[in-house]
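See below for the structure under consideration.
The values are calculated or read from the model by the stated rules, or taken from the named source; none is laboratory data. Computed from a predicted model, the values in this text were never measured in an experiment. Every residue, glycine as well, gets a Cβ built from its backbone with ideal geometry; the counts of neighbours run over all protein chains shown. To get the accessible areas, we keep the full protein, side chains included, count just its heavy atoms, and leave off ligands, DNA and RNA. Shrake-Rupley method; radii C 1.70, N 1.55, O 1.52, S 1.80 Å.
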Amino acid sequence: ITSAVAFDILPLKLHPFSQSTPTGLDCVGWKRRISSPVITDGALDKTALTDDVGSEEDLYEDFRSSNHRYGHPGGGGEQLAINELISDGSVVYAEALWDHVTMDDQELGFKAGDVIEVMDATNKEWWWGRILDSEGWFPASFVRLRVNQDEPMEDYPLKVEGGKEDDSSSGTRRFGMGQTTKDQMRTNVINEIISTERDYIKHLKDICEGYIKQCRKRADMFTEEQLKTIFGNIEDIYRCQKKFVKALEKKFNKDHPHLSEVGSCFLEYQTEFQIYSEYCNNHPNACMELSRLTKVNKYVYFFEACRLLQKMIDISLDGFLLTPVQKICKYPLQLAELLKYTNPQHRDFKDVEAALNAMKNVARLINERKRRLENIDKIAQWQSSIEDWEGEDVLVRSSELIYSGELTKISHPQAKSQQRMFFLFDHQLVCCKKDLLRRDILYYKSRIDMDDMEILDVEDGKDKDFNISVKNAFKLHCRDSEETHLFCAKKPEQKQRWLKAFENERRQVQLDQETGFSITEVQKKQAMLNASKQHHTGKPKAVTRPYYDFLMRQKHPTLPTTLPQQQVFMLAEPKRKPSNFWQNISRLTPFRK
């Protein structure tokens with residue numbers, strides 16, 4: 001990935017040292033010494049990786065013993081370039097792609113979007129940085145280096161000391177690009193967008209051809225279900241990105257990059273980019289499956305052989321599979337920087353502005369879908385706690401708890417009233433009864449199909465249909481069967497909350513139809529299976545860190561002995577509105593047997 005940083009002698013030279021994704025994909029060419037282990041597109045020779053060259057371990061050791069090393073170009077030149085800048089007095093800034101949450105006082109915690117001053121990049125994996133008055137170590141892969149490290153002179157005037165402008169060389173180093181125009185700044189961002197897309201396509205191709213194709217030839221080691229878990233829909237992403245990069249290339253003005261009009265490309269592909277949602281949601285499963293497989297040596301050697309044969313850089317497979325997750329989070333940052341250096345009079349301004357909003361919406365949609373998938377486990381756990389459950393599982397039709405609370409239900413023909421707990425999901429309203437002695441136990445009673453219902457507000461007073469006086473009431477009326485259900489809340493504000501909840505339920509159903517959101521049968525079955533196991537054991541499931549333990553396994557640096565090892569390490573999505581699922585439920589009834 002190419003980023004631009006100011007040097008004293010080369011103020012506009014581009015230097016590659018972004019750590020936001022694996023770099024060095026354009027490695028120097030090499031000649032294969034061994035052709036036998038390469039698996040062709042023809043029929044699988046089951047002895048290809050064993051009889052001719054020995055086991056996967058032998059193949060791995062053979063390549064390792066050779067002099068071919070596929071690291072970063074220049075042998076760590078990226079970190080050297082950054083540290084040279086820092087030593088010269090330049091300030092190097094990076095933007096956080098994700099939250100870094102830590103309890104270690106020698107690590108630097110930050111939120112997605114925070115700007116970090118990089119103070120030491122000597123280590124490949126861990127950098128030392130500062131935010132305001134806080135300093136500490138942080139993972140380099142969690143950040144993206146700013147393309148334009150120094151701002152235009154008109155935006156950031158030189159400091160005045162003693163009443164005179166500072167025109168010393170130190171001032172030039174800090175504001176090395178101060179003399180450049182806004183167009184040059186835009187050129188830098190455009191160049192980064194184009195170059196990172198080219199690198200990303202190469203990276204996706206390497207995964208698909210270097211790993212997936214080889215894995216499919218080894219039916220003795222991998223099932224299709226395993227490959228789907230490990231790689232998700234990355235092949236679909238590869239096809240999408242190939243079309244996207246072609247569209248970008250057409251809009252790229254090689255002679256005058258700042259005149260390029262790329263905003264329309266992002267607008268054109270905003271819908272296609274939603275396929276990243278499936279990949280991001282599956283990624284924790286991929287990490288867990290890889291962790292399980294790599295406990296067996298033959299898988300470790302096989303994956304390493306695939307990497308070496310494809311001439312990929314020295315990063316493990318789980319590290320490569322992180323890149324699409326990073327990529328979709330990176331687009332809004334790139335577009336925000338592009339918009340910053342695009343004049344309002346530029347022909348691309350409106351499209352870039354719209355593209356930024358569009359990609360933010362894509363990110364929000366992905367986060368929302370992830371939240372919904374997290375909720376299905378909670379719904380399954382809730383159902384498993386209900387006694388005397390009848391009929392189909394809630395997850396067959398629903399994936400979101402909209403609202404819940406206690407209401408008085410009045411039934412025909414004697415206008416009998418009953419206190420019941422109601423849980424409003426998308427598509428259905430579930431009715432439960434509290435145990436007379438243990439109020440934390442619920443019994444299933446019935447459910448109402450919300451797709452056939454219309455909501456009727458009932459005025460206080462005597463209801464003609466039920467011939468009784470009601471207060472804070474509303475009805476659910478079935479259009480087809482003319483069946484009517486009458487409900488009463490204790491307070492007027494509770495009634496209004498229910499009426500609002502019914503509106504939200506219809507809105508959610510419509511939105512799901514428009515966006516095509518759905519939960520697979522496999523996900524539903526797995527959620528119910530997990531809930532069933534937890535229900536029978538009576539113990540909570542072991543909490544697994546949902547993402548990136550694997551980052552700690554990737555060439556973990558040897559930090560100074562004076563530094564304690566990291567205690568808490570989490571990768572979180574950009575801040576989003578917290579789900580009120582458990583607040584809705586636990587506020588009303590704790591689910592314990």
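Looking only at residues of segment 325-362 that are over 20 Å from Ala94 (Cβ atoms) and among the small types (Gly, Ala, Ser), we find that the one that is surrounded by the most Cβ atoms within 10 Å (Cβ to Cβ) is Ala355. May I ask you to list the residues in segment 429-453 that are closer than 16 Å to His477 by Cβ and either of a type outside the set (Asp, Glu) or not in a strand (DSSP E or B) (or both)? Of everything in segment 429-453, those that are closer than 16 Å to His477 by Cβ and either of a type outside the set (Asp, Glu) or not in a strand (DSSP E or B) (or both) turn out to be Leu429, Ile448, Met450, Asp451, Asp452, Met453. For segment 204-259, enumerate the residues that are assigned to a loop (DSSP other than H, G, I, E, B) and over 24 Å from the mean Cα position of the chain (by Cα). Those that are assigned to a loop (DSSP other than H, G, I, E, B) and over 24 Å from the mean Cα position of the chain (by Cα): Lys217, Arg218, Ala219, Asp220, Met221, Phe222, Thr223, Phe252, Asn253, Lys254, Asp255, His256. Residue selection: Leu456 satisfies the criterion of being aliphatic (A, V, I, L, M), part of a strand (DSSP E or B), open to solvent by 20 Å² or more (accessible area, probe 1.4 Å) and in the same structural domain as Val509 (by the TED database).
Pairing residues of segment 493-514 that are closer than 15 Å to Asp451 by Cβ with residues that are in a helix (DSSP H, G or I) and not charged (D, E, K, R), at Cβ distances under 7 Å and at least 6 apart in sequence or on separate chains, gives Glu505/Met450. Has segment 336-359 got any residue that is touching a Pro at 6+ places or on another chain (Cβ under 7 Å) and either in a helix (DSSP H, G or I) or in contact (Cβ under 8 Å) with a residue 40 or more places away in the chain (or both)? Checking segment 336-359: at least one residue is touching a Pro at 6+ places or on another chain (Cβ under 7 Å) and either in a helix (DSSP H, G or I) or in contact (Cβ under 8 Å) with a residue 40 or more places away in the chain (or both). Given the conditions (1) within 15 Å of Phe423 (Cβ to Cβ); (2) touching a strand residue (DSSP E or B) at 6+ places or on another chain (Cβ under 6 Å); (3) open to solvent by 40 Å² or more (accessible area, probe 1.4 Å), and given that Leu442 satisfies all but one, which numbered condition is not satisfied? Every listed condition holds for Leu442 apart from (3). Do you know which residues across segment 224-248 are under 14 Å from Ile193 (Cα atoms) and surrounded by 14 or more Cβ atoms within 10 Å (Cβ to Cβ)? Within segment 224-248, Gln241, Phe244, Val245, Ala247, Leu248 meet the criteria. Scanning for something closer than 30 Å to Ser469 by Cβ and not in a loop (DSSP other than H, G, I, E, B), does segment 390-403 turn up at least one residue? Scanning segment 390-403, I find at least one residue that is closer than 30 Å to Ser469 by Cβ and not in a loop (DSSP other than H, G, I, E, B), so the answer is yes. Filtered by the rule that a residue be open to solvent by less than 10 Å² (accessible area, probe 1.4 Å) and in contact with a Ser or Thr (Cβ under 8 Å, 6 or more places away or on another chain), segment 250-305 gives a lone residue, Ala286. Checking each residue in segment 114-137 for being open to solvent by 40 Å² or more (accessible area, probe 1.4 Å) and outside any strand (DSSP E or B) picks out Asp114, Thr122, Lys124, Glu125, Leu132, Asp133. Taking (1) under 18 Å from Asp206 (Cα atoms); (2) modelled with pLDDT of 85 or more in turn, Asp314 satisfies each apart from (2). Yes or no: Ile275 out of contact with any Phe, Trp or Tyr (no Cβ under 9 Å at 6 or more places or on another chain), of a type outside the set (S, T, N, Q) and not in a helix (DSSP H, G or I)? No; evaluated as a whole, the condition is false for this residue. Just to verify a result, which residue in segment 394-439, among those that are open to solvent by 30 Å² or more (accessible area, probe 1.4 Å) and touching a helix residue (DSSP H, G or I) at 6+ places or on another chain (Cβ under 6 Å), is nearest to Arg506 (Cα to Cα)? Of everything passing the filter in segment 394-439, His427 is nearest to Arg506 (Cα to Cα).
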